[in-house]
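Here is the structure we will look at, set down as structure tokens.
The values are calculated or read from the model by the stated rules, or taken from the named source; none is laboratory data. Remember, it's a predicted structure, so these values are computed and weren't measured experimentally. Ideal geometry is used to build each Cβ from the backbone, glycine not excepted, and the neighbour counts take in all protein chains shown.
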Amino acid sequence: MMDLSFMPVTLEFKRPFKIAAGTRSTTPVVFTNITFHGLVGYGEASMPPYLGEDHQTVMSFLNKAKKVIAHHKDPFDIEGILLEVDQIGNGNTAAKASVDIALHDLVGKIVGKPWHALWNLDKTKTPYTTYTIGIDDADVIRQKVEEGASYKILKVKLDGVNDKEIISTIRSVTGKPIAVDVNQGWNDKEVALEMLHWLKERNVLFVEQPMPKGDVESMRWLTAHSPLPTIADESCQRLVDVEKMKGVFHGINIKLMKCTGMLEAYKMITLARKNNLKVLIGCMSETSCAVSAAAQLTPLADWADIDGPLLIKQDYFEGVRFEEGKIVLSESAGIGVKRREALFK
Ligand code: MG
């Protein structure tokens, strides 16, 4: 018999985290366990405000998912189980991801292999993770750049207010490549295009979600003229969105919490490649549990932005490591994590 259990936790940021959508000092997560014959698979839901989930919605969903899990006898029927979990209701993508991750972890542990090996991926092909710099005063930004000194690529949040000052501040201390995330913060496509040219001159690799997700036609125009790759984040959540991104963006940011987990993320990568879309694997503000699950897929990605655990005070799990920012996947089974037991007391 499989059993699903779960536990809500509030993670604290090391410093208040500001993006175009607002500032937060804490973020809610829910840890999940699926037990089966003495083995435990670990999962995690993390809920950024813009997706509309919170502790209450996730736990209410997981109470229903618990019944689905309880009546399944074969954990290897991943497709069948997760289809039934998906059909419990619309949305709830982080709650669904927490079940998907725990089930993948469990199955990997039953067969004694990590998922990157089960998918036959070459773990030397992992990209470097970016290191995130939130929107802040120049002093704090310079300090953050210093803290991220061992990372090879920075990810910089912009919001259309002090964008040039932020980039210039970073360029006053480092020339390393930058990935930019606007979180829908630019509203005028002509101004956006000028900004893309300005950024191109400053060693920027790509720009994520420059325009509001509802403004598809401006985004299509911007991508057609852009000197830099444009990447969909808020505009692309699940598998059904992937083909709609063709011609609107150059690539997509896949996050387990948006797309319901590892099973669908793998399918999204396959479909993105068929449509010549670039692939970024991202994360939310979450622990090494969910991030280690996402990391299993990164040998398939062009870029990765999975530094979530570095932004929070207490990482409840040990898992994926970064060497100078390069993602290092372990040979531990499942998603390759261990609980830091002291934090669970
Ligand atoms: Mg983003």
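Please find, within the stretch 296-345, the residue that is farthest from the ligand (Cβ to nearest atom) out of those that are among the small types (Gly, Ala, Ser) and in a helix (DSSP H, G or I).
ALA342
Filter the stretch 270-295 for residues that are within 16 Å of ARG339 (Cβ to Cβ) and within 16 Å of the ligand (Cβ to nearest atom); which is surrounded by the most Cβ atoms within 10 Å (Cβ to Cβ)?
Out of the qualifying residues, it is ALA290.
Are there strands (runs of 3 or more DSSP E) fully within the stretch 1-89 with at least 3 residues that are surrounded by fewer than 16 Cβ atoms within 10 Å (Cβ to Cβ)? List them.
Those strands (runs of 3 or more DSSP E) span 3-19, 22-36.
Sort out which residues of the stretch 240-263 are over 17 Å from ALA293 (Cβ atoms) and of a type in the set (A, V, I, L, M), and write them in order of number.
VAL240, VAL242, MET245, VAL248, ILE252
Considering only residues that are in contact with a Phe, Trp or Tyr (Cβ under 8 Å, 6 or more places away or on another chain), of a type outside the set (Val, Ile, Thr) and assigned to a strand (DSSP E or B), which ones fall in the stretch 96-131? First the steps, then the outcome.
Residues of the stretch 96-131 that are in contact with a Phe, Trp or Tyr (Cβ under 8 Å, 6 or more places away or on another chain), as a first pass: 96, 98, 101-102, 104-108, 110, 119, 127-131.
Keeping just the survivors that are of a type outside the set (Val, Ile, Thr) gives 96, 98, 102, 104-106, 108, 119, 127-128, 131.
Passing the criteria: TYR128, TYR131.
Just for the stretch 205-223: of the residues that are among the charged types (D, E, K, R) and within 16 Å of the ligand (Cβ to nearest atom), which one is surrounded by the fewest Cβ atoms within 10 Å (Cβ to Cβ)?
LYS213
Any idea which of ILE231, ILE254, ILE281 is over 20 Å from ASP86 (Cβ atoms), in contact with a helix residue (DSSP H, G or I) (Cβ under 9 Å, 6 or more places away or on another chain) and at pLDDT 95 or above?
The match here is ILE281.
Filter the stretch 224-246 down to the residues that are within 16 Å of the ligand (Cβ to nearest atom) and β-branched (Val, Ile, Thr) and list them by number.
THR230, ILE231
Tell me which of these GLN314 doesn't satisfy, since it passes every other one: (1) over 14 Å from the mean Cα position of the chain (by Cα); (2) surrounded by 22 or more Cβ atoms within 10 Å (Cβ to Cβ).
Going through (1) over 14 Å from the mean Cα position of the chain (by Cα); (2) surrounded by 22 or more Cβ atoms within 10 Å (Cβ to Cβ) one by one, GLN314 breaks only (2).
Considering only the stretch 183-197, how many residues are under 17 Å from LEU154 (Cβ atoms) and touching a helix residue (DSSP H, G or I) at 6+ places or on another chain (Cβ under 8 Å)?
Residues of the stretch 183-197 under 17 Å from LEU154 (Cβ atoms): 183.
Restricting the remaining residues to those that are touching a helix residue (DSSP H, G or I) at 6+ places or on another chain (Cβ under 8 Å) gives none.
Selection size over the stretch 183-197: 0.
Which of the residues that make up the stretch 163-175 are crowded, with 17+ Cβ neighbours inside 10 Å and in contact with a strand residue (DSSP E or B) (Cβ under 9 Å, 6 or more places away or on another chain)?
The answer is ASP163, ILE166, ILE167, ILE170.
Would you check if HIS197 is of a type outside the set (Lys, Arg), more than 30 Å from ASP86 (Cα to Cα) and surrounded by fewer than 23 Cβ atoms within 10 Å (Cβ to Cβ)?
In short, yes.
Restricting attention to the stretch 319-340, and to residues there that are under 19 Å from the mean Cα position of the chain (by Cα) and on the phi > 0 side of the Ramachandran plot, which single residue is modelled with the lowest pLDDT?
If we take residues in the stretch 319-340 being under 19 Å from the mean Cα position of the chain (by Cα) and on the phi > 0 side of the Ramachandran plot, then GLY325 is modelled with the lowest pLDDT.
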